[in-house]
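Asker: To start, I am sharing the structure in question, which I have written as structure tokens.
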Amino acid sequence: MNKFWIVLFHTYLMKLKTKSFLITTAIMLLLVIGLSNITKIIALFDDSEEKIGIIDQTGTMFVDVQLGMKAIDEDVELIELKTEEEAEKLIDSEELTAYLMIKSDEQEIIKGTYKANTLADTTVSSELAVVLSQLKTKIIANELQLTDKQIAALHSPVVLDTVAFEENAKTEEELNQARGLVYIILFVIYMAVIMYSNMIAMEVATEKTSRVMEILISSVSPVQQMFAKILGIALLSLTQMLLFFGVGYWSIKRNLSDMNEGIFSFMGFGSTSMSTIVYAIIFTLLGYFLYATLAACLGSIVSRIEDVQQMITPMIMLVVAAFMLAMFGLNNPSATYITVTSFIPFFAPMIMFLRVGMLDVPFWEISLSIGLLVASIVILAIFGARVYKGGVLMYGSAKSLKNIKKALQLTKKD
């Protein structure tokens, strides 16, 4: 058992000290801090006022447009101009960003023409369109002699209350918050499974390429090697994830007051339940062990590092398929295909977590899914250990899954 721990901590420490791991971790930590401070970063680079010229050919609209624009966006300054030539000169000298020409047709319906050097940024033009639309409605309402109360009733949106028959069903607001949080955690599970499983396959293939495997199998049994490497990489992933979530939690807490608007209002940072976090950890770990065991088997039958990606491609496709199903299921987590795939072990880590995060799933369904996952991991570990035991002795070209049969035959001979 001492040899098992030696291999485990050797795998962990060697990977922990590599430059690629340290650089990747540092970049990801900076990315986490940057994303949680994105509001301040945008404000830092977006502090300049935009100046827009207004050519009012009607002679009566400028003040109303100015008041309407101020209510929508205070950072946009409107300047009244007389001619297009004057506006174009100011744009050429970069004193104006763009200009809007307002005119009315034969039926006295106002129209606008927005001109700028580039139309890539549609924010201001869209805001001006809203203001002109409001003024057009106001003019028509005055012609029809509508009262303020009638105008308000005309513009008031339809009230649509959504009510669920189930007692513990989540409200629409809770679903929106859960959707954002589940999306983030699904992405974390997806990246963790792919990155660390690939790391295990590469580790085994690298040792075989350098012939270190021949030395290792003479002192440590292949089965012990496989599980030591899986747990060693698992320990490495936990170290990295703790750093990511620790720094992320600290940074989000510091900026929580700035993360209540825009996209952050849908992330649910302020209302995350403990059960969601617990299930996220459980399904991430189970998904890792399921795919890590499979990756170790596939890595053991490869003799060259160049062949690793080709060998593990079917496994990667399974992970991608699970992730894509989860993305489609975000808008309809109660769909039949989501319910069915949440019990398929290779899809369960993501799909069942999606259901748990967004629906009130019966505990027996969660337990069944976890039970099937654990059983699959055990079966795959037993089968994988046999493949690994023979696979580490295989050298030469190994580019097909048919090599699993050869690995099993070598195990029987042993």
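Asker: Determine if the range 117-128 includes at least one residue that is part of a helix (DSSP H, G or I), over 37 Å from the mean Cα position of the chain (by Cα), surrounded by 13 or more Cβ atoms within 10 Å (Cβ to Cβ) and of a type in the set (Ser, Thr, Tyr). Show your work before the answer.
Answerer: The first filter runs over the range 117-128 and keeps only residues part of a helix (DSSP H, G or I), leaving 123-128.
Narrowing the set further to residues that are over 37 Å from the mean Cα position of the chain (by Cα) leaves none.
Looking through the range 117-128, none of the residues is part of a helix (DSSP H, G or I), over 37 Å from the mean Cα position of the chain (by Cα), surrounded by 13 or more Cβ atoms within 10 Å (Cβ to Cβ) and of a type in the set (Ser, Thr, Tyr).
Asker: Looking at (1) modelled with pLDDT of 85 or more; (2) in contact with a Phe, Trp or Tyr (Cβ under 6 Å, 6 or more places away or on another chain), which is the only condition Ser125 fails?
Answerer: (1)
The values are calculated or read from the model by the stated rules, or taken from the named source; none is laboratory data. This structure is a prediction, so every number in the text was calculated from the model and none was measured. Cβ atoms come from the backbone with ideal geometry, glycine included; neighbour counts cover every protein chain shown.
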